[in-house]
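**Q** Quick one: this structure, given as structure tokens, is what I'll be asking you about.
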């Protein structure tokens, strides 16, 4: 396949999942006015339909097992569709596994991919099987590795599913973590629920109307409920004995990052957290996070000190424990997700976001992994002590 066709598929794929480029907007039809060598303008050929995307190979020693949980919080009605009844969540559980066990796990369902593409009017440009057929390194039904491991909960951005943070989940798991990625009902397009239900994104386009703080606090209740179900007396996950309940961390992208801070403000079980390019709102509170560790990882353009998002400057001053503020040059809002990694495999080069997709994935993996290795496993991490010659794109800041 020629480079122009690769670029067309990649551009369509990234636009399809990233929507209009804002963290909280509803999915919108993609703007297909692209440079001539990257513009998707016609259905892909049969040759193009054979493209095989794949997530980066995990760097740790463990194989990656994966299972799925459907959790229902009967104490709360769904905030977006109250008539639907109790609040529902879908959770992917990643866990260190024995090699050679289990069956290859899919990236996402074909129907989920189709709905994503359709919601952005790209269903005639990118075949659903190109996205849904992305190769993962997870294995359904794999036998757990022996031992107890720290737990990291990952929360995706608003309107996008937990699938979009799969590469980070797999890499952390391979290093020796149990990882839970969480989908919140009616907050994303294409998420499959039991009973053959694929719920619409009823929340899309309503976050700013409702208020970002309210959304984040609602998610914080969801995430604390997930912790209850994983670490309580009667856990919902059959392998819950693998979790070391004294070592729990959380990270999220965009609204997921904001929700991480909101969760830590309300739930002291979370020892360490990461916000990847999300706002803060009123969290952390003026009293800080009780000395717990927090890392802010964002784009240089929007999240440098004194930049467009003033909530980062305010949050930095309030954080009262170990803290780091890092920005990544040449990155875009979705640089901390799977999207640029997948786009790079198809030859996408966006002049407005020159950081190569592979590098975006490596930086996210290395810095988030180092943060949790330091704070949940007690392993010294020189990478977090200052500027890194191996990572010139990453700049540490002292706030403003």
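**Q** So residue 340 passes all but one of these: (1) farther than 30 Å from residue 148 by Cβ; (2) free of Cβ contacts under 8 Å to residues at least 60 places away in the same chain. Which condition number does it fail?
**A** (2)
A quick yes/no check of all residues on (1) at pLDDT below 95; (2) part of a strand (DSSP E or B); (3) under 17 Å from residue 170 (Cβ atoms):
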| position | (1), (2), (3) |
| --- | --- |
| 311 | no, no, no |
| 325 | no, yes, no |
| 362 | no, no, yes |
| 365 | no, no, yes |
| 370 | no, no, yes |
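**Q** Within region 98-120, can you find the residues that are under 18 Å from residue 342 (Cβ atoms), surrounded by fewer than 20 Cβ atoms within 10 Å (Cβ to Cβ) and in contact with a strand residue (DSSP E or B) (Cβ under 6 Å, 6 or more places away or on another chain)?
**A** Residue satisfying the conditions is 109 alone.
**Q** Another question, then. If you scan region 215-241, which residues turn out to be surrounded by 19 or more Cβ atoms within 10 Å (Cβ to Cβ) and closer than 17 Å to residue 94 by Cβ?
**A** Within region 215-241, 223, 226, 227, 229, 230, 237 meet the criteria.
**Q** Here's a follow-up. Identify, from the list 281, 257, the residue that is under 21 Å from residue 163 (Cα atoms) and either within 21 Å of the chain's Cα centre (by Cα) or buried (at least 17 other Cβ atoms within 10 Å of the Cβ) (or both).
**A** Values: 281 fails: under 21 Å from residue 163 (Cα atoms).
Unique residue meeting the criteria: 257.
**Q** May I pose another question? Can you find a residue that is under 21 Å from residue 375 (Cα atoms), touching a strand residue (DSSP E or B) at 6+ places or on another chain (Cβ under 6 Å) and in a strand (DSSP E or B) anywhere in region 253-264?
**A** So far as region 253-264 goes, yes, one or more of its residues are under 21 Å from residue 375 (Cα atoms), touching a strand residue (DSSP E or B) at 6+ places or on another chain (Cβ under 6 Å) and in a strand (DSSP E or B).
**Q** Here is a further query. Just need a number here: residues in region 384-393 that are surrounded by 15 or more Cβ atoms within 10 Å (Cβ to Cβ) and within 17 Å of residue 294 (Cβ to Cβ).
**A** Taking region 384-393 as the starting set, the residues that turn out to be surrounded by 15 or more Cβ atoms within 10 Å (Cβ to Cβ) are 384, 388, 391, 393.
Adding the requirement that they be within 17 Å of residue 294 (Cβ to Cβ) leaves 384.
Going through region 384-393 one residue at a time, the tally reaches 1.
**Q** Related question: Are any residues in region 310-335 closer than 20 Å to residue 216 by Cα and buried (at least 18 other Cβ atoms within 10 Å of the Cβ), and if so, which ones?
**A** 311, 312, 313, 315, 316, 318, 319, 333, 334
**Q** Would you say residue 66 is surrounded by 19 or more Cβ atoms within 10 Å (Cβ to Cβ), more than 16 Å from residue 339 (Cβ to Cβ) and modelled with pLDDT of 50 or more? Talk me through it step by step, then tell me what you get.
**A** On the way: surrounded by 19 or more Cβ atoms within 10 Å (Cβ to Cβ): yes; more than 16 Å from residue 339 (Cβ to Cβ): yes; modelled with pLDDT of 50 or more: yes.
For residue 66, the condition - surrounded by 19 or more Cβ atoms within 10 Å (Cβ to Cβ), more than 16 Å from residue 339 (Cβ to Cβ) and modelled with pLDDT of 50 or more - is met.
**Q** Given (1) under 15 Å from the mean Cα position of the chain (by Cα); (2) farther than 15 Å from residue 333 by Cα, identify the lone condition not met by residue 296.
**A** (2)
**Q** Right, something else. Return yes or no: is residue 378 within 18 Å of the chain's Cα centre (by Cα) and under 23 Å from residue 151 (Cβ atoms)?
**A** Details: within 18 Å of the chain's Cα centre (by Cα): no; under 23 Å from residue 151 (Cβ atoms): yes.
For residue 378, the condition - within 18 Å of the chain's Cα centre (by Cα) and under 23 Å from residue 151 (Cβ atoms) - is not met.
The values are calculated or read from the model by the stated rules, or taken from the named source; none is laboratory data. Just so it is clear, the structure is predicted and the values come from calculations on it, not from any experiment. All Cβ positions, glycine included, derive from the backbone under ideal geometry; neighbour counts span all protein chains shown.
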